[in-house]
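Written out below as structure tokens is the structure these notes cover.
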Amino acid sequence: MDRTRTRDPEARSSADPLCQLSLEQLRRRTSMKWRTYPEDVLPLWVAEMDVPLAEPVRRAVTEAVELGDTGYPAGTRYAEALAAFARDRWGWDGIDAQRTAIVPDVMLGIVEMIKLVSGPDDPVVVNSPVYPPFYQFVRNLGRRVVEAPLGEDGRIDFAVLEETFRRLAGPARRPVYLLCSPHNPTGAVHTAAELTEVARLAGAHGVRVVADEIHAPLVASGVSFVPYLSVPGAEDGLSLMSASKAWNLAGLKAALAVAGPEAAADLARLPEEVGHGPSHVGVIAHTAALREGGAWLDELLAGLDANRALLARLLTEHLPGVRWTPPQGTYLAWLDCRALGLGDDPAEVFLHRGRVALTSGVPFGSGGAGFTRLNLATSPELITEAVRRMAASL
Ligand SMILES: Cc1ncc(COP(=O)(O)O)c(C=O)c1O
């Protein structure tokens with residue numbers, strides 16, 4: 001029997017982490033997703049997931065709390081757990097704990113990596129539309145953001161990237177390319193060929209690559225994540241990884257900076273005090289997620305596949321004017337609402353008329369106007385209600 005043809009794409013397992021919590025339970029949360037808007041607003045915006053903690057993570061954190069193991073972080077267990085996860089999931093044996101550093105979170109890690117490989121006023125290239133803090137953190141650091149917009153298909157436009165690198169190259173400059181892999185918000189999962197081309201262009205133009213791979217474990221079925229540092233030519237690259245997106249651990253601060261072999265000397269210059277930022281309990285939680293959270297992650301990924309199928313059906317039925325490409329990675333859906341006639345900021349209209357909070361596309365930079373980003377990491381009931389409210393806003 002051809003199982004793929006008969007399988008219901010919206011079918012759910014009873015263990016789906018996205019189906020465990022009621023709206024009433026979620027409203028008791030005190031995090032940003034649930035406390036920014038009034039109670040009558042359905043929040044499908046910031047990248048938090050509506051899931052309970054994976055059991056191995058809950059257990060590890062509980063044990064730490066019971067033991068009073070709440071001091072400062074030590075050792076390389078987080079890096080070793082990531083190395084094992086990378087071998088197991090991505091068939092990549094390239095993480096050497098000696099070439100890693102624990103950083104407080106991915107964004108602060110990015111800032112530190114940019115400081116290591118560039119100087120004041122040096123340009124940082126981003127592929128707009130992109131995660132808005134890429135602009136905020138880079139500018140706050142005193143670097144110049146230069147956009148190399150994605151193509152219409154939401155993927156890297158290599159002609160534009162090459163032209164941007166060519167324009168920025170120069171003896172007195174140390175440009176950086178801040179790669180978002182997978183890409184937030186379009187969900188593009190870069191292929192090995194694309195990443196190899198990134199490395200080739202960066203090498204040819206003297207650009208250093210810093211890859212944000214926070215969404216790496218979150219790919220749709222049939223899609224493979226390729227670590228940037230695994231492709232030829234990426235030896236001088238730096239990557240930021242974390243268990244925080246895939247296991248919803250943003251409140252338990254810890255991430256890893258990983259250097260390619262030719263960036264080891266750069267990472268070795270990371271000031272000692274950066275390691276004071278991450279939380280020891282965070283390190284424990286992230287390590288447990290990577291070591292023992294694989295089965296939970298698989299249930300989550302199956303649930304996200306079902307949510308993508310659900311959103312596709314709902315948009316066709318209720319909002320046929322919205323255009324989108326189901327994301328290959330991340331749990332975010334990038335919705336092109338330009339045909340709806342809601343102006344540059346449809347999220348504003350959906351919030352005020354529909355009482356549903358999505359993320360505005362505008363702060364994502366060039367190419368973001370007229371778009372909105374919907375967070376799919378919630379229950380099918382809430383996605384259904386969100387689309388109903390969006391449709392009612394028109
Ligand atoms: C691409 C990307 N990078 C970084 C972050 C934030 O990570 P952190 O909280 O570890 O700084 C997010 C959060 O959604 C993200 O989507």
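FYI, it's all coordinate maths here, none of it is from the lab. As the structure is a prediction and not an experimental result, all values here were calculated from the model. Glycine also receives a Cβ, built like all others from the backbone with ideal geometry; neighbour counts cover every protein chain displayed.
Overview of results
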read-out: Percent of beta bridges antiparallel (DSSP, the chain, rounded to nearest 5); value: 50
read-out: Distant-in-sequence amide H partners of Val209 (H built 1.01 Å from N, under 5 Å); value: Tyr177, Leu238
read-out: Residue order, fewest to most surrounding Cβ atoms within 10 angstrom, among His190, His286; value: His190, His286
read-out: Gained length - Ala11 relative to Ala97, 0.36 nm times residue gap less alpha-carbon distance; value: 27.0 nm
read-out: GNM flexibility winner over the chain from Asp105, Asp121, Asp50 (Cα, springs under 10 Å); value: Asp121
read-out: Computed [θ] at 222 nm, helices only, for the chain once each DSSP H run of length n ≥ 4 contributes -39500 (n - 2.57); value: -11500 deg cm²/dmol
read-out: For the chain, built as a Gaussian network whose Cα springs stay under 10 Å, the top-fluctuating residue of Gly237, Gly75, Gly109; value: Gly75
read-out: Footprinting exposure proxy for Met32, Met113 (fewest neighbouring C-beta atoms within 10 Å first); value: Met32, Met113
read-out: Sorted by Cβ density within 10 Å, fewest first, the residues Lys253, Lys115; value: Lys115, Lys253
